[in-house]
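Step one of this worksheet: look at the structure below.
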Amino acid sequence: MKEKEKNRCPACQVYINDDTHFCPLCGSVLEGEYQGVNTYPDVKGHKRIINLTYRIMVFIAVAASLLCVTIDFMRDYRLQWSLFVVAASLYAIYITTMFIKDNKSYKSRLFFAAVATVLFLSSIDYLVGFRRWSVNYVLPVAIIVVELFYVLMMALNFRNWQSYIILECGMVVVSLLPIVLAIAGISSQPLLGYIALGLSLFVFLGVVIIGGSRARAELSRRFRV
Amino acid sequence: MREKRWHTLDNTANVFPVIAGENLTNTYRLSAVLKEAIDPLVLQKAVDIVTPRFPGFDVRLRRGVFWYYLEENGKKPPRVREENMYPCRLIHATKNNSYLFRVTYYRNRINLSVFHALADGFGGFNFMKELVYQYLRLAHSELAEKKKDRLAAGTSLNMEDSFLAHYRKGNKSAYKLLRSFHLSGRRLPQGGFGVMHGLMDVAEIKQVARQKYGCSINDYLVSCMVWAIYKANRSRVTGRRPVRCAVPVNLRPYFNSNTTNNFFVMISAEVGPDTLGQEEITFEELTASVRDQLASQLDKDHLEQIFSYNVSNEKILAARAVPLPLKNIAIKYVYYKNADANTTTVTNVGEIKLESEYEPYVDMFTAYLAFSRGQELKGSICSYKGRLAYSISSGFEDTIVPRILFRQIAADGIDVEIETNGVWY
């Protein structure tokens, strides 16, 4: 082996270019006085801060829930108000996880945030005696809000409006849910549900008809077998 | 307003969006080490100029009802950032302006991370070289005077699906679905990603490989990897679970293609107690075995058979009409079955050649793959101007496999310089 200026590991017989005095392969102290250079940044600290903040948030939510459940249970051996705290904690963890850690598109985030909100409020409705306000009002209003948000985004993101067609198609399907719940007798006020379905249908048809060939091309791409 | 460009994913690329996740990023990194510090503003300008010239990179991934597809992106090219994360992180389709490649820099190095659905190593370097050319033309006025501001002759913009163009109907699967030995050990903390480059002279390796072992550089370096894994886990490697190393083969020379899409298949070499019918194997015996196994598979008909089976499946109408979520389940199952068959992967992207005017500005190129579930250690080989970089990407806290590997190379009389990303200190 030729003599080089670089630090050499006497055990592995390789030269080490990094700024270190021991061998990354075997841990032996290196021979030589060469001042190495690290060619990669130290990224460990950066990751730690993000993970730590998230974990602290999850810990606070879990600890608060457990504490409330324990206090509630110790009062009369039943769970009452603490279930609200548990539902709120789960909701907060989900929403924070989605916005901090997930990498979904803003369209998906809004959709899943709406789903989580509907589920959270439905659980509250259930806990206070199921007066059906969650299925009568919250669900159809959530559909209308998401639908209006998509329409707004289509207008703002005009260069790429056609990518919303498939979402509009999905919204028509989702809008059938309040109607199905009304038919099944779970909800008692179907009016808002009909408005949500009507809105979704009109928006979808409007996009397809006004969009013309670009809308049809988008649908053919999306539905290509 | 003109209609958007779009194209389907090639046969191999169909798999990548399905299986991609934080632990299986399907991203590889190509790096160019220049002889000067990188100017981020100039690099950004180079990315802005070069990206729209490559229709294969100026795309975003879309989800159809039955298939994924790639559609003209139309947004600003991705923002250049200083490297501040582990390499080969997942490229999220919703970030990075929806582009499926990322450009970062650190000191003298330009990094191009590419989601494998876009291109293989050939396609990646095809883009990388133009990015380096453009950067150097912007950074050095004397180069801009000498070279016109356009793509270099020989750069390919071909986006043919060469799998489809060259497949033959009715072939049976040529992949081995047997299980192989899998490496295990403590993982690096916090999703750490270890990179170790072994830098050596091509001439020295060539001499050792040819004269001492009667094989090619590729055979020799693959053998070193297999040897290191075998030796580090001698008591755990069995006849039923041998060390099997997958070796991607660039199909372009065999089928006269210059597509920038994926066009490769995997062949493999395995070593276990049963391979040579003897308990103890020497490095010389192992190298001869690996050489013969790889040579026996490097036959055009065999290579065609490997990819024809997959393409034939893709062509069945009943399978095509399955909705994407169900298709994804099937693709995942087949992928993990296949992935279990290999202990590791060693890929050789070959020699990188630049136009002579640019050569004095570039010190080295490196390439490496993200390790993946079941293959938490992989090797990648790349050379430039007589220097070869054997890069090991690993998720393990210990370095026993790279230690045996580089010690073997050093013991054969080759000077090895080691550079790491610091996770093992």
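A few points about this structure:
- Test for residue B:338: is it surrounded by 20 or more Cβ atoms within 10 Å (Cβ to Cβ) and not in a strand (DSSP E or B): no
- Yes/no for residue B:288 being farther than 27 Å from residue B:70 by Cα and open to solvent by 60 Å² or more (accessible area, probe 1.4 Å): no
- Residue that is surrounded by the fewest Cβ atoms within 10 Å (Cβ to Cβ) [pool: residues in region B:116-134 that are assigned to a helix (DSSP H, G or I) and hydrophobic (A, V, I, L, M, F, W, C)]: B:122
- Odd one out for residue B:32, checked against (1) in a strand (DSSP E or B); (2) surrounded by fewer than 19 Cβ atoms within 10 Å (Cβ to Cβ): (2)
- Qualifying residue in region B:72-79 (condition: touching a residue at least 12 places away in the same chain (Cβ under 8 Å), assigned to a loop (DSSP other than H, G, I, E, B), open to solvent by less than 50 Å² (accessible area, probe 1.4 Å) and within 11 Å of chain A (Cβ to nearest Cβ)): yes
- The one condition in (1) in contact with a Lys or Arg (Cβ under 8 Å, 6 or more places away or on another chain); (2) in a helix (DSSP H, G or I); (3) open to solvent by 10 Å² or more (accessible area, probe 1.4 Å); (4) more than 12 Å from chain A (Cβ to nearest Cβ) that residue B:308 fails to fulfil: (3)
- Of B:238, B:275, all but one fail to be in contact with a Phe, Trp or Tyr (Cβ under 8 Å, 6 or more places away or on another chain) and either open to solvent by 10 Å² or more (accessible area, probe 1.4 Å) or under 27 Å from residue B:382 (Cα atoms) (or both); the exception is B:238.
- All positions within region B:250-268 that are within 19 Å of residue B:372 (Cα to Cα) and either free of Cβ contacts under 8 Å to residues at least 60 places away in the same chain or not in a loop (DSSP other than H, G, I, E, B) (or both): B:264, B:265, B:266, B:267, B:268
Listed here are the residues, each with its yes/no results for (1) within 11 Å of another protein chain (Cβ to nearest Cβ); (2) at positive phi; (3) in contact with a Phe, Trp or Tyr (Cβ under 9 Å, 6 or more places away or on another chain); (4) open to solvent by 20 Å² or more (accessible area, probe 1.4 Å).
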| position | (1), (2), (3), (4) |
| --- | --- |
| B:2 | yes, no, no, yes |
| B:51 | no, no, yes, no |
| B:54 | no, no, yes, no |
| B:93 | yes, no, yes, yes |
| B:98 | yes, yes, no, no |
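- Tabulated pairs, region B:81-94, first closer than 22 Å to residue B:69 by Cα, second open to solvent by 30 Å² or more (accessible area, probe 1.4 Å) and hydrophobic (A, V, I, L, M, F, W, C), C-beta under 7 angstrom, 6+ apart or interchain: B:90/B:20; B:93/B:61
- Of the helices (runs of 4 or more DSSP H) contained entirely in region B:135-218, those carrying at least 2 residues that are farther than 30 Å from residue B:314 by Cα, free of Cβ contacts under 8 Å to residues at least 24 places away in the same chain and open to solvent by 40 Å² or more (accessible area, probe 1.4 Å) fall at B:141-146, B:202-207.
- So residue B:267, is it at pLDDT 95 or above, closer than 13 Å to residue B:342 by Cβ and crowded, with 20+ Cβ neighbours inside 10 Å: no
- Looking at A:77, A:91, just one residue is on the phi > 0 side of the Ramachandran plot and not assigned by TED's automatic domain parsing to the domain that holds residue A:206, and that residue is A:77.
- Residue ID - modelled with the lowest pLDDT, chosen from residues in region A:1-46 that are touching a Lys or Arg at 6+ places or on another chain (Cβ under 7 Å) and more than 7 Å from chain B (Cβ to nearest Cβ): A:34
- Test for residue B:328: is it more than 14 Å from chain A (Cβ to nearest Cβ) and open to solvent by 40 Å² or more (accessible area, probe 1.4 Å): no
- Among residues of region B:95-115 being part of a loop (DSSP other than H, G, I, E, B) and touching a residue at least 24 places away in the same chain (Cβ under 8 Å), the one that is nearest to the chain's Cα centre (by Cα) is B:100.
- Among residues of region A:47-75, those that are modelled with pLDDT under 80, among the charged types (D, E, K, R) and open to solvent by 70 Å² or more (accessible area, probe 1.4 Å), counted: 1
- Checked against the criterion of being under 30 Å from residue B:188 (Cα atoms) and of a type in the set (Ser, Thr, Tyr), the candidates B:345, B:287, B:282 yield just one match: B:345.
- When residues of region B:56-71 are limited to those that are assigned to a loop (DSSP other than H, G, I, E, B) and of a type outside the set (A, V, I, L, M), the one surrounded by the most Cβ atoms within 10 Å (Cβ to Cβ): B:57
- Only listed residue being among the acidic types (Asp, Glu) and more than 20 Å from the chain's Cα centre (by Cα), chosen from B:22, B:82: B:82
- Within region B:383-413, the set of residues being away from chain A (no Cβ under 13 Å) and under 25 Å from residue B:23 (Cβ atoms) comprises B:395 only.
- Flag for residue A:196 being assigned to a helix (DSSP H, G or I), touching a residue at least 12 places away in the same chain (Cβ under 8 Å) and not charged (D, E, K, R): yes
- Test for residue B:416: is it touching a helix residue (DSSP H, G or I) at 6+ places or on another chain (Cβ under 6 Å), more than 14 Å from every other protein chain (Cβ to nearest Cβ) and open to solvent by less than 20 Å² (accessible area, probe 1.4 Å): no
The values are calculated or read from the model by the stated rules, or taken from the named source; none is laboratory data. Owing to the predicted nature of the structure, the values given are computational and were not obtained by experimental measurement. Here Cβ is always computed from backbone atoms with ideal geometry, including for glycine, and neighbour counts include all displayed protein chains. Only protein heavy atoms, including side chains, enter the accessible area calculation; ligands, DNA and RNA are left aside. Shrake-Rupley method; radii C 1.70, N 1.55, O 1.52, S 1.80 Å.
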